[in-house]
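Student: Got a structure for you, questions after.
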Amino acid sequence: MSTVIEQDAARQRLAAQLSRVAIGDKAALAEVYRLTSAKLFGVCLRILDDRGEAEDVLQQIYLTVWQKAGSFDAAKASPITWLVAIARNRSIDRRRARPAAAHAALEEAVEVSDPSPSALADLETSEQRRRLYDCLGTLEDKQATAIRRAFLDGLTYDELARAGGVPLGTMKSWIRRGLMKLRECLGT
């Protein structure tokens with residue numbers, strides 16, 4: 001029980017720091033960086049599979065946080081969820097911007113194990129992990145698989161559609177409907 005209380009306190013502290021960043025507090029941004037950079041770097045590295053690119057994207061993430069901290073709403077998402085979403089989106093944008101040859105090389109590469117924790121392993125609490133698994137279990141298999149591959153493995157909608165042999169619009173619909181069901185199930 002104390003772990004849940006400690007994690008809630010950490011979440012509130014991070015939300016408070018983001019509020020201070022929104023009013024231009026540089027020390028608060030430094031604290032947000034200290035508290036979250038390792039996790040966000042792991043997300044970037046997992047998606048990009050290139051340390052240099054992940055470092056560049058990490059800088060962009062904190063520039064975005066500095067510019068958009070005022071748009072963070074603690075009633076809609078936890079601070080780490082908001083930050084991971086920024087990291088994921090920036091990383092996918094960077095990956096999409098690579099030349100076509102880089103995509104082919106990545107797809108042909110042998111699967112290499114990543115010693116860093118996966119995004120799933122880093123979910124804020126075991127309770128959240130259990131709730132997420134329970135809610136994913138209520139989804140249709142195709143929706144649950146698409147959501148896992150998109151948000152935990154960093155695949156783009158286009159990559160998922162090609163892998164699943166379905167039109168891009170269908171894949172987007174599966175994921176959108178699945179996310180709406182997850183939001184309802186998780187009560188967020």
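The values are calculated or read from the model by the stated rules, or taken from the named source; none is laboratory data. Nothing here was measured: the structure is a model prediction, and the numbers come from that model. Backbone-built Cβ (ideal geometry, glycine too); neighbour counts: all protein chains shown.
Student: Hey, could you check the stretch 6-60 for residues that are of a type in the set (Ser, Thr, Tyr) and under 25 Å from residue 152 (Cβ atoms) and say which is surrounded by the most Cβ atoms within 10 Å (Cβ to Cβ)? Walk me through it before giving the result.
Tutor: Our first condition is that a residue be of a type in the set (Ser, Thr, Tyr); within the stretch 6-60, this holds for 19, 33, 36-37.
Still in the list and also under 25 Å from residue 152 (Cβ atoms): 33, 36-37.
Numbers: 33: 17, 36: 21, 37: 14.
Across the stretch 6-60, the extreme among qualifying residues is 36.
Student: Further question: Taking the stretch 149-169 as the region of interest, how many residues are surrounded by fewer than 16 Cβ atoms within 10 Å (Cβ to Cβ), assigned to a helix (DSSP H, G or I) and in contact with a helix residue (DSSP H, G or I) (Cβ under 7 Å, 6 or more places away or on another chain)?
Tutor: 3
Student: Shifting gears a bit: Looking at 182, 168, 186, 139, which one is aliphatic (A, V, I, L, M), modelled with pLDDT of 85 or more and touching a Cys at 6+ places or on another chain (Cβ under 9 Å)? Steps first, please.
Tutor: On the way: 182 fails: modelled with pLDDT of 85 or more; 168 fails: touching a Cys at 6+ places or on another chain (Cβ under 9 Å); 186 fails: modelled with pLDDT of 85 or more.
None of the other options fit; the residue is 139.
Student: In a helix (DSSP H, G or I), hydrophobic (A, V, I, L, M, F, W, C), over 16 Å from the mean Cα position of the chain (by Cα) and farther than 28 Å from residue 184 by Cβ: which single residue out of 30, 54, 10, 38 fits that description? Before the answer, list the steps.
Tutor: On the way: 54 fails: over 16 Å from the mean Cα position of the chain (by Cα); 10 fails: farther than 28 Å from residue 184 by Cβ; 38 fails: over 16 Å from the mean Cα position of the chain (by Cα).
One residue alone meets the criteria, 30.
Student: Looking at residue 145, is it polar (S, T, N, Q), at pLDDT 85 or above and under 20 Å from residue 84 (Cα atoms)? Quick ask: steps written out before the conclusion?
Tutor: Values: polar (S, T, N, Q): yes; at pLDDT 85 or above: yes; under 20 Å from residue 84 (Cα atoms): yes.
When the stated conditions are applied, residue 145 passes them.
Student: Does residue 51 satisfy the condition of being free of Cβ contacts under 8 Å to residues at least 24 places away in the same chain and more than 22 Å from residue 149 (Cβ to Cβ)? Let's see the steps before the verdict.
Tutor: Working: free of Cβ contacts under 8 Å to residues at least 24 places away in the same chain: yes; more than 22 Å from residue 149 (Cβ to Cβ): yes.
It is true that residue 51 is free of Cβ contacts under 8 Å to residues at least 24 places away in the same chain and more than 22 Å from residue 149 (Cβ to Cβ).
Student: How about the stretch 138-147: which of its residues are without any contact (Cβ under 8 Å) to a residue 24 or more places away in the chain and either part of a loop (DSSP other than H, G, I, E, B) or within 20 Å of the chain's Cα centre (by Cα) (or both)?
Tutor: The initial filter retains those residues of the stretch 138-147 that are without any contact (Cβ under 8 Å) to a residue 24 or more places away in the chain, namely 141, 145.
Once the filter is applied, which keeps residues that are without any contact (Cβ under 8 Å) to a residue 24 or more places away in the chain and either part of a loop (DSSP other than H, G, I, E, B) or within 20 Å of the chain's Cα centre (by Cα) (or both), the stretch 138-147 yields only 145.
Student: Also, quick follow-up: Condition first: in a helix (DSSP H, G or I) and within 16 Å of residue 68 (Cα to Cα). Now tell me which residues in the stretch 13-26 satisfy that.
Tutor: Quick first cut of the stretch 13-26, residues in a helix (DSSP H, G or I) only: 13-22, 26.
Within the stretch 13-26, 14, 15, 16, 17, 18, 19, 20, 21, 22, 26 meet the criteria.
Student: Looking at the stretch 23-37, is at least one residue in the same structural domain as residue 73 (by TED's automatic domain parsing), within 26 Å of residue 95 (Cα to Cα), of a type in the set (Gly, Ala, Ser) and at pLDDT 90 or above?
Tutor: The answer is yes; a qualifying residue exists.
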